[in-house]
There are 6 protein chains.
Amino acid sequence: MLSARNQLAAVVKSIKLGNVMAEVVVEVAGTEIVAVITRGSAEALKLQPGDHVKAVIKSTEVLIDKS
Amino acid sequence: MLSARNQLAAVVKSIKLGNVMAEVVVEVAGTEIVAVITRGSAEALKLQPGDHVKAVIKSTEVLIDKS
Amino acid sequence: MLSARNQLAAVVKSIKLGNVMAEVVVEVAGTEIVAVITRGSAEALKLQPGDHVKAVIKSTEVLIDKS
Amino acid sequence: MLSARNQLAAVVKSIKLGNVMAEVVVEVAGTEIVAVITRGSAEALKLQPGDHVKAVIKSTEVLIDKS
Amino acid sequence: MLSARNQLAAVVKSIKLGNVMAEVVVEVAGTEIVAVITRGSAEALKLQPGDHVKAVIKSTEVLIDKS
Amino acid sequence: MLSARNQLAAVVKSIKLGNVMAEVVVEVAGTEIVAVITRGSAEALKLQPGDHVKAVIKSTEVLIDKS
């Protein structure tokens, strides 16, 4: 069990590989979330569109914007 | 327009104030997300349950967990 | 109004695009600050040298170094 | 030499101690920057108003906001 | 399997609870590492001294200091 | 003295340069740790395998995983 307070069920939509980093777009409850991880992690996880994953976000990394 | 790729429409459910930090629970598409911001920010934004806000998350802060 | 405590008026000096990430150098009160955002964000914001922007930094991301 | 791209000369203006965290306000080129560090760090550094320090920020933690 | 590149086997040494945050000291290969998580997470994980855990760190959060 | 609570003695094992970012693998007490910094920082530090460095991690960036 991971201490991160935010662990959102997600489906991978696309992966874009750079030399060092990779951009992973996932869908969470109808909304797209973008994650940037290392290319090495994307390959180690063998991420592919359609994969069921969790998007994990530590609560200290979330900002609030109030109009 | 903010560079953060993830800006999720949310409603504030609860705010818990500490001396320095504050924990803000919001609801995004039926899912709870927890944000930790400074108490000073929570007060400056006058955050209250029911407020319509955005939860903002930089893409480099999102991890992917694949079972 | 964004909860981030640090929102510094800045002018874009240069943008360097990678495949996934982009490095944006801005000037804040005579000092350079470097931001790394996604290439996608740099393009969505149509960032160009001379743009007036804000450099936004969550307070939990700032370290203090005392000699 | 630290890899962080942003190391800004600063003067401590105030310190507010919580049980676990501490909020440190510093002045950088006429602008206030807020840092949240652990209370343990604030005590280990013996931070006091008037201290000359550097505010250190990793470039991946900087967002850009363009109106 | 979590995308975070750094997942270090650790033993909990102490936990200090604040109102909102908690400081968890763990030992990794003879070295202490300090984690700050929410008090809510520390309680949900029922963290106690002696617990075998992993300290998880996203690679984008690691700085390099070269003397 | 840096406020970051985690400053681990490390030896550089490899550096992989992208256009914007660089992945630096270091060894800490027999364990590999991966850092992602900007290519500009890797070049400014003239990082090379065998370099003695410190891996620096702010405590708010550490998650705890308990099985």
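Throughout, read-outs are computed from the coordinates displayed, never taken from laboratory work. Keep in mind that this is a model prediction, so the values were computed, not measured. No Cβ is skipped: glycine too gets one built from the backbone with ideal geometry, and neighbour counts run over all protein chains shown.
The table below gives the values:
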| item | result |
| --- | --- |
| Phi-based couplings in Hz for the stretch A:59-67 (Karplus 6.51, -1.76, 1.60; Gly and Pro marked x) | 5, 5, 9, 9, 9, 10, 10, 10, 6 |
| Shortest-first nm distances, residue C:43 label point to equivalent points in other copies (7 Å, Cα→Cβ) | 2.3, 2.3, 4.4, 4.6, 5.1 |
| Simple Cβ-charge dipole of chain E, Lys/Arg +1 and Asp/Glu -1, about Cα centre, in debye nearest 20 | 120 debye |
| Karplus-derived 3J(HN,Hα), 6.51/-1.76/1.60, for each residue of the stretch A:14-28, Hz, glycine and proline x | 7, 9, 10, 9, x, 6, 10, 10, 9, 9, 10, 9, 10, 10, 10 |
| Neighbouring partner chain Cβ atoms per residue of B:39-45, average, 10 Å criterion | 5 |
| Given charges at beta-carbon only (K, R positive; D, E negative), |dipole| of the protein assembly as shown in Debye | 0 debye |
| Dipole of chain D, positive direction: furthest Cα of D:33, D:50, D:60, with charges on the beta-carbon | D:60 |
| Estimated [θ] at 222 nm from DSSP helical runs (n ≥ 4, -39500 (n - 2.57)) normalised by residues in chain C, nearest 500 | -2000 deg cm²/dmol |
| For residue C:5, distant residues with modelled amide H under 5 Å away | C:59 |
| Nitroxide proxy distance, nm - points 7 Å out along Cα→Cβ at residue E:9 and residue A:27 | 4.1 nm |
